[in-house]
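**Q** Structure below; questions to follow.
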Amino acid sequence: ECWCSFQGGGVGVTSDGCDINCAANTNQNCGGPGALYEFSFTCSPPSPPPPPPPSPPSPGSLTCSQASTTAIHLAWPPRAEADLYGVAVSSDPDVRPVALLTTANTSVVLADLLPSSTYHLRLQWHSLSAPSVVAGWTYTAISVACSTTDSKHPALRFTRVNDAHPSTIVMQLEPPSVRLPMVAIVPLGPRHSEHYNHHLLKDPSVVLQYLSAQYQHVLDNGRVTMADLKPKTSYYVAIGSECSGNGCQHWDLPSIQHTTGLSNDTVYTEMFRLSEYTFETDFLPNHNSADRVSMGAYLANGTPLATDTHWPNSTAQDWNDCQTRLASLCPHERLAGLQCMNCAAANFDQVAAVCGNFTSQDNADEGFAVHFYCGIGWPESVVLNSSITRYCVEHATVQDPRVPDNNGFAQYTSCNSDETDYFGNQPRDPLCICWVYDDRILSQQSNSSLHATCDFEHKEPYVNEVQCNCGDNGPLLSTDDPSVRFVGKSNVYLPYGYWLNKPPPETYPVSLPAGENFSTPKAGQCNATQALGTAGCTWKREALMQVIYGPELLANGWDPTPAHDTLTNSSITEHNMGVFEKTVTGDHSVTFRCCGC
């Protein structure tokens, strides 16, 4: 090698054959006095040649530029018309996504993956001009296969097992192994769900070399408890093998874990939502959702899971033909509610020729496929095909005087249901109204409470249901109502729906807690780039979502028999609640962590 050094006596020493000026400093030449040294060392075996570079991406396509045992770096060309991107994650190109990751950037690190695994990834993007994130998505048809690298311990899993906590992280090694006795934990900085994921792409030994780590031994049962941690902080965690007093030879299975804050001003809540009027994930703004207990009860008592058709006496081809005909006749009215139904009615003969007879009435037997395209009526979902998405939401708490015992949640509102159709709801930008009668019955509100807020004499048109009011605007919410900006909650009890068509009692004879329902107002939503509290936003969805489907529930033992809870028997509902829990927590190709972790 030729090394730069200062010239000797103004004349460069060039006996080594180097007489080129150094670009950085004209006072130096290659080969100045004392600049050349001889080194002797042993070379390691040559690395295998790198894989050929990927072919140039087509517009909208993904590329995988880097991978580790638990993460893959993804990138794609920007689109001027997009304000949000999504990566749908499948374990097989012919299987629907098990996860969805969203970002406002044109690259992202997909984390919490399994080693030595191939993932099939599909890009989607949201239109900047769409009024809400719930609709306006474009989906690419072709998936890209990307793989994680091999682990030194491919049969092992190292996962978080405690709930979100301000100072403790508990990890579990399965199966327990004496070969991996040490865990390293590195504080990275203030908590951020995705900001530190690039560390997962590096060799863990390099990360631990340059960052200050703490080390703990794994117990014989495979568990390690890391306590006295700093609140609201992100930590890098990896497990070591071949360890001695001088450290470990190998580090593996890295992940980024988080602690929560000490204050109760913000909390993390897990929410499940069955998509309405679409088979894709439809997100949370001005939508309702449920915890895992209540979602199991809802699915057991809502749209039947017993059918393999899209609506009675139909096939998937019938369904697709109907949706295609509507898209050709009413292309701009998709999910526009009754406005869309007006378009369908104006083209009645052409629509009915493919979709069958239909009306705008709230009756699934009178044109459900048309109702689904337009976004009116009940049911709003086809459980066997609609996505059931698991969200994690960080949100601010509020004191709502109407519900003083609601643990920092506002009063629940009812969104995007058939009760909102009369008020002009359009599911592509949904409407929330005052907590409707049916939802209050699920919460077992007393007879006197219902009569204080609901008008039993004058039924709401269209659904012919008791109308409930939240103030001077009746069913419509005033702008200063806490429910307009803060996450709302209502409790759910069994027997599920038993009192919907019966006079409500003052005291319910059977009242078994069955989870909670939530409302997430669009006006309080933080966008993908905002931290909680920015510009007054009150709730923020985590970027990674889990997605499950009806066939998974059936495979895990779901009983499709209509539940029909009674005062003495809720056995089918309770059985299916357990099946839903089993399906959510079962083995998946992505390691879904607890909400807030």
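The values are calculated or read from the model by the stated rules, or taken from the named source; none is laboratory data. For clarity, every value in this text was computed on a predicted model and none was experimentally measured. As a convention, Cβ positions derive from the backbone with ideal geometry for all residues, glycine included, and neighbour counts pool all protein chains shown. Note: areas computed on protein heavy atoms with side chains; ligands, DNA, RNA excluded. Shrake-Rupley method; radii C 1.70, N 1.55, O 1.52, S 1.80 Å.
**Q** Which residue out of CYS343, CYS392, CYS374 is open to solvent by less than 10 Å² (accessible area, probe 1.4 Å), under 21 Å from GLU276 (Cβ atoms), at pLDDT 95 or above and not aliphatic (A, V, I, L, M)?
**A** Being open to solvent by less than 10 Å² (accessible area, probe 1.4 Å), under 21 Å from GLU276 (Cβ atoms), at pLDDT 95 or above and not aliphatic (A, V, I, L, M) holds for just one of CYS343, CYS392, CYS374, which is CYS374.
**Q** State which residue is nearest to the chain's Cα centre (by Cα) when the search covers only the range 199-233 and only residues that are hydroxyl-bearing (Ser, Thr, Tyr) and outside any loop (DSSP other than H, G, I, E, B).
**A** Per the stated criteria, the residue is THR233.
**Q** Where the second residue is part of a loop (DSSP other than H, G, I, E, B) and open to solvent by 40 Å² or more (accessible area, probe 1.4 Å) and the first is under 13 Å from SER255 (Cβ atoms) and of a type in the set (Val, Ile, Thr) and lies in the range 184-195, which pairs have Cβ atoms under 8 Å and are six or more apart or on separate chains?
**A** Once the first residue is under 13 Å from SER255 (Cβ atoms) and of a type in the set (Val, Ile, Thr) and sits in the range 184-195, its partners that are part of a loop (DSSP other than H, G, I, E, B) and open to solvent by 40 Å² or more (accessible area, probe 1.4 Å) give VAL186/LEU211; VAL186/SER212.
**Q** Go through the range 561-570 residue by residue and tally those that are at negative phi and open to solvent by 60 Å² or more (accessible area, probe 1.4 Å).
**A** So the answer is 5.
**Q** State whether one or more residues within the range 180-192 are open to solvent by less than 30 Å² (accessible area, probe 1.4 Å) and within 20 Å of LYS540 (Cβ to Cβ).
**A** Yes: the range 180-192 contains one or more residues that are open to solvent by less than 30 Å² (accessible area, probe 1.4 Å) and within 20 Å of LYS540 (Cβ to Cβ).
**Q** Continuing with the same structure: Which ones in the range 395-405 are open to solvent by less than 10 Å² (accessible area, probe 1.4 Å) and over 22 Å from the mean Cα position of the chain (by Cα)?
**A** Listed by number, the list holds a single entry, ASP400.
**Q** Out of the range 497-525, which residues are hydroxyl-bearing (Ser, Thr, Tyr) and farther than 27 Å from LEU477 by Cα?
**A** The answer is TYR498, THR507, TYR508, SER511.
**Q** For ASP362, all conditions in the list (1) over 19 Å from ASP439 (Cβ atoms); (2) open to solvent by 30 Å² or more (accessible area, probe 1.4 Å); (3) in contact with a helix residue (DSSP H, G or I) (Cβ under 9 Å, 6 or more places away or on another chain); (4) not in a helix (DSSP H, G or I) hold save one; what is the number of the exception?
**A** Result: ASP362 passes all but (1).
**Q** Moving on to the next point. Out of everything in the range 441-458 that is touching a residue at least 40 places away in the same chain (Cβ under 8 Å) and buried (at least 19 other Cβ atoms within 10 Å of the Cβ), what residue ends up being nearest to GLN399 (Cα to Cα)?
**A** Initially, the range 441-458 is screened for residues touching a residue at least 40 places away in the same chain (Cβ under 8 Å), giving 441-448, 450.
Within this subset, residues satisfying the condition of being buried (at least 19 other Cβ atoms within 10 Å of the Cβ) are 441-442, 444-445.
Values: ILE441: 23, LEU442: 23, GLN444: 22, GLN445: 20 Å.
Applying the filter and picking the extreme gives GLN445.
**Q** Return only the number of the condition from (1) more than 26 Å from GLU419 (Cβ to Cβ); (2) buried (at least 19 other Cβ atoms within 10 Å of the Cβ); (3) not basic (Lys, Arg) that CYS322 does not satisfy.
**A** Failed condition: (1).
**Q** Would you please list the contacts, defined by Cβ atoms under 6 Å and residues six or more apart or on different chains, that run from a residue in the range 288-304 that is within 13 Å of ASN491 (Cα to Cα) and part of a helix (DSSP H, G or I) to a residue that is open to solvent by less than 10 Å² (accessible area, probe 1.4 Å) and polar (S, T, N, Q)?
**A** Final answer for the pair search is ALA297/THR573.
**Q** Then there is this: Filter the range 69-104 down to the residues that are surrounded by 20 or more Cβ atoms within 10 Å (Cβ to Cβ), more than 15 Å from the chain's Cα centre (by Cα) and in a loop (DSSP other than H, G, I, E, B) and list them by number.
**A** Across the range 69-104, the qualifying residues are THR69, THR70, ALA71, TRP76.
**Q** Hey, could you check the range 406-435 for residues that are open to solvent by 10 Å² or more (accessible area, probe 1.4 Å) and assigned to a strand (DSSP E or B) and say which is farthest from PHE368 (Cα to Cα)?
**A** GLN411
**Q** Conditions: (1) β-branched (Val, Ile, Thr); (2) under 29 Å from the mean Cα position of the chain (by Cα); (3) modelled with pLDDT of 95 or more. VAL351 meets all but one. Number of the miss?
**A** (2)
**Q** Looking at ASP365, ASP349 in this structure, which one is out of contact with any Cys (no Cβ under 7 Å at 6 or more places or on another chain) and either aliphatic (A, V, I, L, M) or in contact (Cβ under 8 Å) with a residue 40 or more places away in the chain (or both)?
**A** One residue alone meets the criteria, ASP365.
**Q** Here is a list of conditions, (1) within 27 Å of ALA531 (Cβ to Cβ); (2) in contact (Cβ under 8 Å) with a residue 40 or more places away in the chain; (3) assigned to a loop (DSSP other than H, G, I, E, B), and PRO176 meets all of them except one; can you say which number that is?
**A** Checking PRO176 against (1) within 27 Å of ALA531 (Cβ to Cβ); (2) in contact (Cβ under 8 Å) with a residue 40 or more places away in the chain; (3) assigned to a loop (DSSP other than H, G, I, E, B), the one that fails is (1).
**Q** Give me the strands (runs of 3 or more DSSP E) completely within the range 459-560, filtered to those with at least 2 residues that are modelled with pLDDT of 95 or more, open to solvent by 40 Å² or more (accessible area, probe 1.4 Å) and not hydroxyl-bearing (Ser, Thr, Tyr), ordered by residue number.
**A** By residue number, 512-520, 539-541.
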